[in-house]
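Please read the structure below before turning to the comments.
The values are calculated or read from the model by the stated rules, or taken from the named source; none is laboratory data. Bear in mind that the values here come from a model prediction, so they are computed numbers and not experimental data. Virtual Cβ from ideal backbone geometry, glycine too; neighbours counted across all protein chains shown. With ligands, DNA and RNA removed, areas are computed over all heavy atoms of the protein, side chains included. Shrake-Rupley method; radii C 1.70, N 1.55, O 1.52, S 1.80 Å.
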Amino acid sequence: MSKRRRKLAEPKVLITQKDLDARVSELAQQISADYADKGELVLIGVLKGAFIFLADLSRKLTIPRHIEFIAVSSYEHGNVPSGAVRLVMDVRASIEGRHVLIVEDIVDTGHTLHYLTDMLQSRGPASIRNCVLLHKEHMTEVDIDIDYLGFTIGDEWVVGYGLDYAEKDRTLPYIGAIKPGD
Ligand code: IMP
Ligand code: MG
């Protein structure tokens, strides 16, 4: 592959590292204010995509917090997501009576967040909200409220800051848009 071709395949910068950092700080400030005096907040990061967002967000909070992870995968019919979601790895701690914040990288159709909210809600938390870095608002198929949102984006495939395309580009420091197949 020539140098020129490699360069052309690089993701287009959509959100810079600086803008991510500033927005994550604002979200952390707002969450810290909203949960002040409510005791410990249980942050549940949705693997794998949310791991960097959760790491940055959690370190900027000024309230007591407890970190958990959960992993899900979407059922596919061929290559097409069916909308059904399967739990791959559960949280370790009980969330009964505790304040819970689901931390998710991106809401696309909304099925994943909808499934997780329903499932975790059934365990009797004191409250449950979500914090989502990116929302493809025109793609969302289910009725879902995002409590804390980083950025609204269009219908493009994005990578970096935890998000991947076929496991590639997860650790880019910025959010980039790619054309699948690049
Ligand atoms: P949803 O259930 O359709 O809302 O999809 C949510 C999940 O699909 C996210 O948690 C991501 O793991 C993945 N996803 C959706 N769009 C993108 C994208 O543009 N880049 C990377 N992952 C994505
Ligand atoms: Mg995800």
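At a glance:
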{"read-out": "Pairs beyond 29 Å (Cα-Cα), from 60/168; 136/168; 38/168", "value": "38/168"}
{"read-out": "For the stretch 28-135: span of alpha carbons on each principal axis (Å, largest first)", "value": "48, 26, 19"}
{"read-out": "Computed accessible area, residue 170, all protein chains, 1.4 angstrom probe, square angstrom", "value": "30 Å²"}
{"read-out": "Selection of GluC sites (Glu not before Pro), the stretch 93-182, meeting DSSP coil and at most 16 other Cβ within 10 Å", "value": "96, 141, 156, 167"}
{"read-out": "Point-to-point label distance, residue 75-residue 29, nm (Cα→Cβ direction, 7 Å offset)", "value": "4.5 nm"}
{"read-out": "Surface share of carbon and sulfur [accessible, 1.4 angstrom probe, percent] for the stretch 60-138", "value": "49 percent"}
{"read-out": "The chain: angle of helix 111-121 to the longest principal axis, Cα-based, in degrees nearest 10", "value": "20 degrees"}
{"read-out": "Value at 222 nm in deg cm²/dmol, rounded to 500, when DSSP H runs of n ≥ 4 in the chain each add -39,500 (n - 2.57)", "value": "-7500 deg cm²/dmol"}
{"read-out": "Largest to smallest principal axis extent of the C-alpha atoms in the chain, angstrom", "value": "57, 38, 28"}
{"read-out": "Amide H contacts of residue 150 (H built 1.01 Å from N, under 5 Å, at least 5 apart or other chain)", "value": "132, 133, 134"}
{"read-out": "Surface accessible to a 1.4 Å probe, residue 159 within the full protein complex, Å²", "value": "0 Å²"}
{"read-out": "On Cα atoms only, tilt of 17-34 relative to the major axis of the chain in degrees", "value": "10 degrees"}
{"read-out": "Amide H contacts of residue 123 (H built 1.01 Å from N, under 5 Å, at least 5 apart or other chain)", "value": "none"}
{"read-out": "About the Cα centre, charge dipole magnitude for the chain (Lys/Arg +1, Asp/Glu -1 at Cβ), debye", "value": "900 debye"}
